[in-house]
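Chemist: Below is one structure. I have some questions about it.
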Amino acid sequence: MTATAPKAPTAPGVRSPWGIPYATAERLGRPVLVDFYPDRPCDRKGIVSVQPDGGDWLEADSGMGEDCLNLNVWAPEEPAGKALPVARPR
C-alpha cells in the first residue's frame, strides 16, 4: 500500500478496518488463505484488481495490482447483540 493512500474515515459509532488481507494467489492460481494478524494496521484501503479502464470507479487509492485479495469493513463500534447483515438487499 502506498504512503499517500487516505486513511479509513471515522464516524461516531462506526469502526472501519480497511485493507484486511484474507488470501493470496499466484497469477491464475487458486487463492490460499492467509493468517490474520490482529496487530497489523488496517487503516488504509487495500490494492484493487487491475482494471482495463483505469479503475477510477474503484477509488484505487492504494493502487492496482494482482495481490488484491483484501477486505474493507464497516461495522458498529459496539456489539449489536444480534446477527447483522453483511449486505442488505435493496
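Chemist: Can you list residue pairs whose Cβ atoms sit under 7 Å apart, with the first residue in segment 16-36 being surrounded by fewer than 13 Cβ atoms within 10 Å (Cβ to Cβ) and the second being of a type in the set (Asp, Glu)? Count only pairs 6 or more apart in sequence or on different chains.
Modeler: Close Cβ pairs satisfying both conditions: ARG27/GLU66.
Chemist: Just checking, does segment 43-51 include any residue being surrounded by fewer than 14 Cβ atoms within 10 Å (Cβ to Cβ), over 13 Å from the mean Cα position of the chain (by Cα) and either farther than 23 Å from VAL86 by Cβ or modelled with pLDDT of 85 or more (or both)?
Modeler: First pass over segment 43-51, keeping only residues surrounded by fewer than 14 Cβ atoms within 10 Å (Cβ to Cβ): 49-51.
Applying the additional criterion that residues be over 13 Å from the mean Cα position of the chain (by Cα) yields 50-51.
Applying the additional criterion that residues be either farther than 23 Å from VAL86 by Cβ or modelled with pLDDT of 85 or more (or both) yields 50-51.
Checked segment 43-51: at least one residue is surrounded by fewer than 14 Cβ atoms within 10 Å (Cβ to Cβ), over 13 Å from the mean Cα position of the chain (by Cα) and either farther than 23 Å from VAL86 by Cβ or modelled with pLDDT of 85 or more (or both).
The values are calculated or read from the model by the stated rules, or taken from the named source; none is laboratory data. Keep in mind it's a predicted model, so treat the numbers as computed, not measured. Please note: Cβ atoms are built from the backbone with ideal geometry, for glycine as well, and neighbour counts cover all protein chains shown.
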